[in-house]
Structure formats: C-alpha cells, structure tokens
Amino acid sequence: MCNAVPVFEAKNKLPFFIHLAETDGPVPISRHNQEVAYIVSKADYEEMMIASKPQKSIVEKMQERRKKYGLEDDDFDYTEYFDSLRERAYFGRSDSEHIFDDVEI
C-alpha cells in the first residue's frame, strides 16, 4: 500500500493538504496506488528551482567579470602571453623543461 494521498481525497481536502505541505514538506499524491504528483510549498519549490539551475563555468564567470569591468574589448593577446610562459629561456634558464615537451601528439 502506498503512503501517498489518493487523488480524490486530495481534491476534496486541497486546502488541508496545501497547509500540510507548507508545514511538513511535500505531500505525495497517488492514483491507483502509484505516486503521480506532489504538493509542495512555494518555499520548497523555489529552493528546488535554485538548486536545479546549472552552475556557471569558470570561463563564463570570467567573461561576466570582464564585461562588468569593461575589459571585453581589450586587445591584450592572452595566447601570446601564455605561450611565452612555456619558452625555455623565460625564467633565465636555458635548461628548464616543460613536462609535455617530449609528448608526441
């Protein structure tokens, strides 16, 4: 037997079950002894919606910050900058190596 409230009972006592959802949490509704729906409070629903939103990636967050500070149109060449970090003589040592220097792709 299912612990959920049958549809006909929920229909006849809807205000009671809404109050129950606000105070005690989601109320399962059943049809033919199978849960088919839930009555949830507005607070629970909003919490679920916030939790289900996809989180932004670090790149998206960086792009937003760049727009916020007016940096989306700067002409700094980040590719060249990061490539220069890999150059062997960048740190003043000609014998420095990068861990991927010997990897063949």
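A few notes on this one:
- When the residues Met62, Met49 are ordered by accessible surface, computed with a 1.4 Å probe over the protein chains alone, the sequence from largest down reads Met62, Met49.
- Proximal lysines to Lys56, defined as alpha-carbon separation beneath 28 angstrom and excluding residues fewer than eight positions away on the same chain: Lys42, Lys67, Lys68
The values are calculated or read from the model by the stated rules, or taken from the named source; none is laboratory data. These numbers were taken from a predicted model, which means no experiment stands behind them. Just so you know, the surface numbers come from the protein's heavy atoms only, side chains and all, with ligands and any DNA or RNA stripped out. Shrake-Rupley method; radii C 1.70, N 1.55, O 1.52, S 1.80 Å.
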